[in-house]
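Student: Encoded as structure tokens, here's the structure I'll be asking about.
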Amino acid sequence: MATEKPRILFVDDETKILEALGRSLREKRHDWNMAFIDSAEAALREARNPHADVLVTDLAMPGMSGLELVRGMNETSPETKCIILTGTGDLQTAAEIINTVRVFRFYTKPCETGVLVDGIVAALVDGASSSISEPTSQFGFGPGPGNIVLDKLDALIAQQVLGA
């Protein structure tokens with residue numbers, strides 16, 4: 001019996017971004033079932049049936065924002081790992097997101113394809129290795145939200161300093 005491919009949803013209101021993602025990820029079409037969706041509302045409906053393993057969303061979109069989409073996914077499909085890919089990469093926005101919703105990764109545009117693929121693979125591995133469980137700090141300090149925020153902010157600061 002063949003195993004079902006993981007389902008990855010990409011959400012951005014800019015069709016050119018979705019087209020570029022589709023082109024850059026075409027080699028993954030044999031590994032992943034990918035859908036490219038141009039609105040958060042449509043993505044929230046699409047993610048429920050069938051289940052989405054990973055959601056990659058832009059932050060600033062008309063109507064429902066990416067932040068609202070992630071909130072909706074956290075409530076209705078908590079097992080879906082959410083990745084934000086945005087042109088808005090300031091630390092205040094990142095801190096707000098990290099403190100209000102469960103986000104697996106936060107990347108700024110432009111993001112190298114390899115970095116995004118690595119993040120999606122990590123989300124799939126994380127989702128497969130654990131059922132819904134309390135997140136833990138990458139430095140072993142336990143599941144406290146403050147430690148998780150510090151880990152994510154450290155990664156974001158490093159990303160900005162290195163220009164990734």
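FYI, it's all coordinate maths here, none of it is from the lab. Since the model is a prediction, treat every value here as computed from it, not as a measurement. Positions of Cβ are backbone-derived with ideal geometry, glycine not excepted, and every protein chain shown enters the neighbour counts.
Student: Compute the signed sum of charges (Lys and Arg +1, Asp and Glu -1) over the other residues within less than 13 Å, Cβ to Cβ, of D12.
Tutor: -3
Student: Within straight cross-link reach of K81, meaning Cα distance under 12 Å, which aspartates and glutamates are found once same-chain residues fewer than 8 apart are removed?
Tutor: D53, D126
Student: Could I have the simple spin-label model distance between H30 and N99, label points 7 Å from Cα toward Cβ, reported in nm to one decimal?
Tutor: Placing both labels 7 Å along Cα→Cβ, they lie 4.7 nm apart.
Student: I've got another one for you. Determine, for each peptide in 46-57, 17-28, 98-109, the mean count of other beta carbons within 10 angstrom over its residues, then list the peptides with the highest first.
Tutor: Result, highest mean Cβ count within 10 Å first: 46-57, 98-109, 17-28.
Student: Using 0.36 nm times the number of residues separating H51 and T15, minus their current alpha carbon distance, what extension gain do you get?
Tutor: Here the answer is 10.6 nm.
Student: How many nm is it between the label spots at K5 and T88, if each spot is 7 Å from the Cα in line with the beta carbon?
Tutor: That separation, rounded to one decimal, is 3.2 nm.
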